[in-house]
Amino acid sequence: MERLQKVIAHAGVASRRKAEELIAGGKVKVNGKTVTELGIKVTPSDKIEVEGVKIERENKVYYLFYKPTGVISAVSDDKNRKVVTDYFEYVQERIYPVGRLDYDTSGLLLLTNDGEFANLLTHPKYEVPKTYIARVKGLVKRETLKKLEKGIKLEDGMTAPARAKVISADKQKDKTIIEITIHEGRNRQVRRMLEAAGHPVQKLKRERYGFLHLSGLNAGESRELSPHEVKQLRALAENGQNN
């Protein structure tokens with residue numbers, strides 16, 4: 001069951017806020033009866049009419065997107081910067097990103113119109129592993145890797161244990177390429193962890209999300225997830241597996 005205003009918004013009739021206004025204004029009927037209660041929930045079998053017109057529910061869609069740097073993980077931006085949905089103008093459904101990647105971070109991002117699916121993957125109690133490749137300042141020592149793996153103290157508390165390994169190091173340029181896998185979704189977490197460990201991030205890319213990867217895609221490109229991949233992601237989140 002989903003909230004009525006959410007179903008109306010997902011059907012492309014109006015934004016969620018506008019949908020709430022329509023409900024409160026007595027413009028919405030469920031199974032022939034006018035409803036004005038915002039908290040009401042509906043099932044897929046319920047007949048919903050907005051201003052006398054029956055709404056058609058969207059098919060649920062799921063996309064894997066290679067987000068370039070310099071793009072906002074949102075459906076709109078008050079500064080008119082490029083947003084991820086600008087790359088999906090051919091998609092009729094009202095999709096939105098699952099979680100987010102920072103403006104300066106590139107890599108794998110999921111987009112969908114399935115709220116239950118998005119909530120499952122971003123809920124703090126579920127642990128979907130996310131793997132990043134970072135270019136950082138300085139030469140990362142083994143002791144630093146151990147600190148990252150045990151957890152780093154940030155202003156919002158200790159991080160959960162991570163997996164980290166050095167891919168390459170350049171003494172002359174004083175930089176290290178490091179792979180790090182986390183299971184949380186705090187704001188700018190990888191950047192903050194590495195900076196707290198003494199290695200500010202110069203470049204960051206999310207390579208994998210669970211078992212998904214970017215193979216075959218260039219920055220700005222996307223592909224639709226298969227039904228099997230969607231089921232696998234649900235199982236991964238629900239089981240709290242750490243791949």
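The values are calculated or read from the model by the stated rules, or taken from the named source; none is laboratory data. Everything numeric in this text was worked out from a predicted model, so none of it was measured. For neighbour counting, all protein chains shown are included, and Cβ atoms are generated from backbone atoms with ideal geometry for every residue, glycine included. Note: accessible area is taken over every heavy atom of the protein model, side chains too, but ligands, DNA and RNA are not part of it. Shrake-Rupley method; radii C 1.70, N 1.55, O 1.52, S 1.80 Å.
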| Where the eigenvalues come from the Cα gyration tensor of the stretch 1-94, what are the semi-axes √(5λ) of the equivalent ellipsoid, largest first, in whole Å? | 30, 15, 10
| request: Give me the net charge of residue 60's neighbourhood, meaning all other residues with Cβ under 15 Å from the Cβ of residue 60; Lys, Arg count +1, Asp, Glu -1. | output: -3
| request: Please provide three numbers in whole Å: the alpha-carbon extents of the stretch 168-219 along the principal axes, with the largest listed first. | output: 33, 26, 17
| request: Have a look at 113, 31, 59 and tell me which one the Gaussian network model of the chain (Cα, springs below 10 Å) gives the largest fluctuation. | output: 31
| message | Only bridges whose two residues both fall in the chain count here: according to DSSP, what percent of them are antiparallel, nearest 5? | response | 90
| Karplus-derived 3J(HN,Hα), 6.51/-1.76/1.60, for each residue of the stretch 178-189, Hz, glycine and proline x | 10, 9, 9, 10, 10, 10, 10, x, 5, 4, 6, 4
| said: In whole percent, and with a 1.4 Å probe on the protein chains, what portion of the accessible area of the stretch 1-149 is carbon and sulfur? | reply: 44
| note | Stokes-Einstein, Kirkwood over Cα pairs, the chain, 10 °C, 1.306 mPa s; D in µm²/s equals 80
| With every protein chain left in place, what is the accessible area per residue of the stretch 79-171 in square angstrom, probe 1.4 Å? | 57
| remark: Relative contact order as a percentage, the stretch 1-57, C-alpha pairs under 8 Å and 6+ apart, gives 38
| remark: Within the under-11-Å Cβ sphere about residue 25, not counting residue 25, Lys/Arg +1 and Asp/Glu -1 give a net charge of -1
| message | Could you tell me how far the Cα centroid of the stretch 104-150 sits from the Cα centroid of the stretch 1-53, in Å? | response | 36
| message | Could you tell me the extents of the stretch 40-94's C-alpha atoms along the three principal axes, largest first, rounded to whole Å? | response | 42, 25, 22
| message | Counting only helical runs of four or more DSSP H residues, what would the 222 nm mean residue ellipticity of the chain come to if each run contributes -39,500 (n - 2.57) and the total is spread over all its residues? | response | -6500 deg cm²/dmol
| note | Mean Cβ-within-10 Å packing, highest first, puts peptides 145-152, 92-99 in the order 92-99, 145-152
| When you count, for each residue, the other Cβ atoms within 10 Å and take the mean per peptide, how do 12-24, 43-55 rank with the highest first? | 12-24, 43-55
| note | the stretch 153-243: spread of alpha-carbon positions along the three principal axes, whole Å, largest first, is 46, 33, 20
| task | Could you tell me which of the pairs 67/147; 33/60; 130/150; 137/205; 175/203; 146/173 are separated by over 20 angstrom between their Cα atoms in the structure shown? | result | 67/147; 33/60; 146/173
| remark: Computed ³J(HN,Hα) along the stretch 24-36: with the Karplus parameters 6.51/-1.76/1.60, θ = phi - 60°, integer Hz and x for glycine or proline, the list is 4, x, x, 9, 10, 10, 10, 6, x, 10, 5, 10, 10
